[in-house]
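Written out below as structure tokens is the structure these notes cover.
The values are calculated or read from the model by the stated rules, or taken from the named source; none is laboratory data. Model, not experiment: these values are computed from the prediction. Ideal geometry is used to build each Cβ from the backbone, glycine not excepted, and the neighbour counts take in all protein chains shown.
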Amino acid sequence: MKKTANKDQTSEPEVVVHKNPIVQMIEDKKRIIKAIENGESLDTLKGIKIVSPI
Amino acid sequence: MSPRYNFSKLKDGSYNFISEQGHNYLVYFSESTFPDAENNTHIVSNLGFYRNGKHSNESFVNKFDERIRATIMFIVNDFFEKNDHKAIIYFCFGDDGFSRQRNIIFNKWSKDLDTTIEKHNNNTIYKHSRIYASLLIVKDNPLKKLITDAFNSYLKEINDSE
């Protein structure tokens, strides 16, 4: 597990990168949930790639 | 299937629609890399949807409006229509204790999946809570076994470490 410095203007603390991709996806989803509940745009989330596949 | 709502793409890449009851739904895909046992890297999408900015079981209670189900499942089917080489994982969890109910509802909605798509269910304990995970993948994906084996293996790894 390694840490990545968060240089953006979000209210998030330092972003942690997990070796197990399932853990990473779970933690990503938690961050997305928090951002939605805080009314933040998802494109402000450092290290999370929101895509528009359709 | 019931008629669906029209949805639009937001600036941040997520999708949004408003139900007849006036509830605002958000559907998103976040993309992750997913290594398998042979060190191939796959692209897996993390699917999520919310009502009125809340991660709440209320999102699934409105069983009288089948158009909500129809809209979300249309988005999922369309994802595979345009990205048949990719996979989706949908997680059900929550500190509100409704992860199992969300999982039951999603399993019910998944009956609307196109017949070309199959679903693999699993679950694990992570940070003392049960998390349900569903992998959706095209049946004919030649890398299906590598991806599903990796999916199950990573979940087992989490379970074994708790």
Spot the failing condition for B:S2; the list is (1) more than 18 Å from the chain's Cα centre (by Cα); (2) in a strand (DSSP E or B), and only one is missed. (2)
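Restricting to region B:111-138, give me the number of residues that are farther than 23 Å from B:Y154 by Cα and not hydrophobic (A, V, I, L, M, F, W, C). Working first, answer last.
As a first pass, look at region B:111-138 and keep what is farther than 23 Å from B:Y154 by Cα: B:111-116.
Imposing the further condition that a residue be not hydrophobic (A, V, I, L, M, F, W, C) reduces the set to B:111-112, B:114-116.
Of the residues in that region, 5 qualify.
Being in contact with a Ser or Thr (Cβ under 7 Å, 6 or more places away or on another chain) and either within 8 Å of chain A (Cβ to nearest Cβ) or among the β-branched types (V, I, T) (or both) is the filter here, so list the residues in region B:16-29 that pass it. So that I can check it myself, show each step before the final result.
First, the residues of region B:16-29 that are in contact with a Ser or Thr (Cβ under 7 Å, 6 or more places away or on another chain): B:16-17, B:25-29.
Listed by number, the residues that qualify are B:L26, B:V27, B:Y28, B:F29.
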Give me the residue from region B:134-162 that is part of a helix (DSSP H, G or I) and hydroxyl-bearing (S, T, Y) and, out of that set, surrounded by the most Cβ atoms within 10 Å (Cβ to Cβ). B:Y154
Within region A:13-41, of all residues that are surrounded by 14 or more Cβ atoms within 10 Å (Cβ to Cβ) and either outside any helix (DSSP H, G or I) or among the polar types (S, T, N, Q) (or both), the one farthest from the chain's Cα centre (by Cα) is A:N20
Select from region B:65-101 the residues that are within 11 Å of the chain's Cα centre (by Cα) and away from every other protein chain (no Cβ under 11 Å) and list them in ascending order. B:I72, B:M73, B:A87
Here's a check for you: in region A:42-52, which residue that is buried (at least 18 other Cβ atoms within 10 Å of the Cβ) and assigned to a loop (DSSP other than H, G, I, E, B) is nearest to the other protein chains (Cβ to nearest Cβ)? A:I48
Of a type in the set (S, T, N, Q), at pLDDT below 95 and over 12 Å from the mean Cα position of the chain (by Cα): is that true of B:N159 in this structure? yes
Sole exception among (1) more than 22 Å from B:F7 (Cβ to Cβ); (2) in contact with a strand residue (DSSP E or B) (Cβ under 6 Å, 6 or more places away or on another chain); (3) surrounded by 18 or more Cβ atoms within 10 Å (Cβ to Cβ) for B:G94, by number: (2)
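Considering only region B:114-124, I want to know if a residue exists there that is modelled with pLDDT of 90 or more and within 18 Å of A:K30 (Cβ to Cβ). Spell out how you get there, then give the answer.
Of region B:114-124, the ones modelled with pLDDT of 90 or more are B:114-124.
Keeping just the survivors that are within 18 Å of A:K30 (Cβ to Cβ) gives B:123-124.
Yes, because at least one residue in region B:114-124 is modelled with pLDDT of 90 or more and within 18 Å of A:K30 (Cβ to Cβ).
Filter region B:72-129 down to the residues that are among the aromatic types (F, W, Y) and outside any loop (DSSP other than H, G, I, E, B) and list them by number.
B:F74, B:F79, B:F80, B:Y90, B:F91, B:F106, B:W109, B:Y126
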